[in-house]
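Working notes for the structure below.
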Amino acid sequence: MKPAPFQYHAPTSVEDACALLGSLEDAKVLAGGQSLIPLLNFRLARPAHLVDINRIPNLNRIYEQDGGVVVQALARQAEVEDSKLVAQRCPLLGLAVRLVAHRVIRNRGTVCGSLAHADPASELPATLLVLNGHMVARSTRGTRIIPAADFFTSVFETTLAPDELLVEAWFPASPGKYAIAEESRRHGDFALAGGVRYGDRLALFGVAPTPVLADPKNPTRGLQPSGDLEATPEFRLHLVQVVTDRLFAA
Amino acid sequence: MRVNGTVHPAPTDPRRLLSDHLRHDLGLTGTHVGCEHGVCGCCTILLDGAPVRSCLMLAVQAEGHEVTTIEGLAAPGVPLHPVQQAFHECHGLQCGFCTPGFVMSVVGLLGQHPDPTPEQVEEGISGNLCRCTGYASIRRAVHRAAELSKP
């Protein structure tokens, strides 16, 4: 067996899922699993309990709200990619989701899972941030709306409480000028550096512990990206400028 | 879960990955296992008709679903599936380790785009790694598969 032992739970309602998350110690929510299962396979994550939400009906809808689009917890990234509503109301989300890994991964991976996982190099958290969207979390204590700006706290860290389930994310309409650009070593890899533009707003990803808003006129100000085998900090700062120029050229 | 048309019970241990369940419990060793973190694409199977990574799913999650592996595309003795035939004709493989994953991804790709553009072919096979062919013959095979799939 590759993953370390865990107890498996497959609730069939949001209420049951929240009750489990509220009562279990060290539980992890399993949605698309495209980030969590690799972590389990490598035993980088060893939660005592897995709460698999895939058996919950009617949690995979994509629907209109306040002019924008709500994406529920089990809507697969491929469904968002193919959604006519997303193309109409929030085409920026449609562009961003196409940059997430590969179609075969997107067939299973979820938008809400990407948000909750909070990889700093991920496209979707930065997209929600630049659009000023929000997330809806449910627990036995009630429902909480969390603006994107208050959600991401550090690498893989969010303000989602251990007993909360991220049930949906709201992406506001994007009628203004929008664009997303990133540089990665291979197609479908996480970005070395990337940026997403909406109007005059710019959010960067891959260059800080969380997605960050930046000044398009001086995008590298205050940034201290980390270096690794794939890119030095200086190269990442260079890419931030390149990407920003590209986003605001049009 | 139903695998290639036959109903099988799910494994008792929830830690069993779908890829390992197919290979070790059901003996369907056509599904190959490479990286086990979703990068190489060797373990790609169809879940309810859509290609997914079997190493990134627990076998218990496939309960109630339809799984198709490379063995399920064409039974022994009957003509190859058009995608298999195209890989054969265009030399879309050398060592063959990545081939089952490529074939299953391409089945999914042609379901989505029956007449794919070169860009859609590139995008469609970008999630599968091949260390032998250099991809040129695989690209040709995908276009040939689209031709062969036409009624």
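Values quoted throughout were computed directly from the atomic coordinates according to the rules given, and no laboratory measurement underlies them. Computed from a predicted model, the values in this text were never measured in an experiment. Backbone-built Cβ (ideal geometry, glycine too); neighbour counts: all protein chains shown.
In table form, for the structure just shown:
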item	result
Under the Karplus curve 6.51 cos²θ - 1.76 cosθ + 1.60, θ = phi - 60°, whole-Hz ³J(HN,Hα) for segment A:213-229, x wherever Gly or Pro sits	7, 9, 7, x, 7, 8, x, 8, 4, x, 7, 10, x, 8, x, 8, 4
Cα-based convex hull, segment B:2-72, per residue volume (Å³, whole number)	73 Å³
Net +/- balance of residues flanking A:P5 in space, Cβ distance below 10 Å, scoring K and R +1, D and E -1	+1
Chain A: calculated mean residue ellipticity at 222 nm from DSSP helix runs of at least 4, using -39500 (n - 2.57)	-7500 deg cm²/dmol
Cα centroid of segment A:52-107 to Cα centroid of segment A:15-42, whole Å	20 Å
Residue-by-residue Karplus 3J(HN,Hα) for segment A:114-128, coefficients 6.51, -1.76, 1.60, Hz, glycine and proline x	4, 5, 5, 5, 6, 5, x, 9, 7, 6, 5, x, 5, 5, 4
Loop-located GluC sites (Glu not before Pro) in segment B:88-151 whose Cβ has at most 11 other Cβ within 10 Å (DSSP)	none
Qualifying trypsin sites (Lys or Arg not before Pro) in segment A:40-124, DSSP loop, other Cβ atoms within 10 Å at most 13	A:R43, A:R61
Number of partner chain Cβ atoms within 10 Å, mean per residue of B:45-58	5
Euclidean distance between Cα centres, segment B:91-151 to segment A:201-229, Å	37 Å
At q = 0.22, 0.32, 0.33 Å⁻¹, base-10 log of I(q)/I(0) for segment A:6-47 (Debye sum, equal scatterers on each alpha carbon)	-0.78, -1.17, -1.20
3J(HN,Hα) from dihedral phi, segment B:113-121, Karplus parametrisation 6.51/-1.76/1.60, rounded to Hz, x for glycine, proline	10, x, 10, x, 6, x, 5, 5, 5
Close Lys-Lys pairs in the protein assembly as shown, where close means Cα under 30 Å and separation is 8 or more or interchain	4
Whole-angstrom Cα spans of the protein assembly as shown along principal axes, big to small	64, 50, 40
Rounded Å value of the spacing that divides the Cα centres of segment A:134-193 and segment B:1-26	34 Å
Taking N as its residue count, the alpha carbon Rg of segment B:82-149 over 2.2 N^0.38 Å	0.94
Sparse-neighbour loop sites [trypsin sites (Lys or Arg not before Pro); segment A:202-250; at most 11 other C-beta within 10 Å; DSSP]	A:K217, A:R221
Tensor-based shape of segment A:181-226 (alpha-carbon gyration tensor, a/c under 1.5 rounded, otherwise prolate or oblate)	oblate
Under the Debye formula (equal points on every Cα, no solvent term), log10 I(q)/I(0) of segment A:97-172 at q = 0.22, 0.27 Å⁻¹	-1.00, -1.35
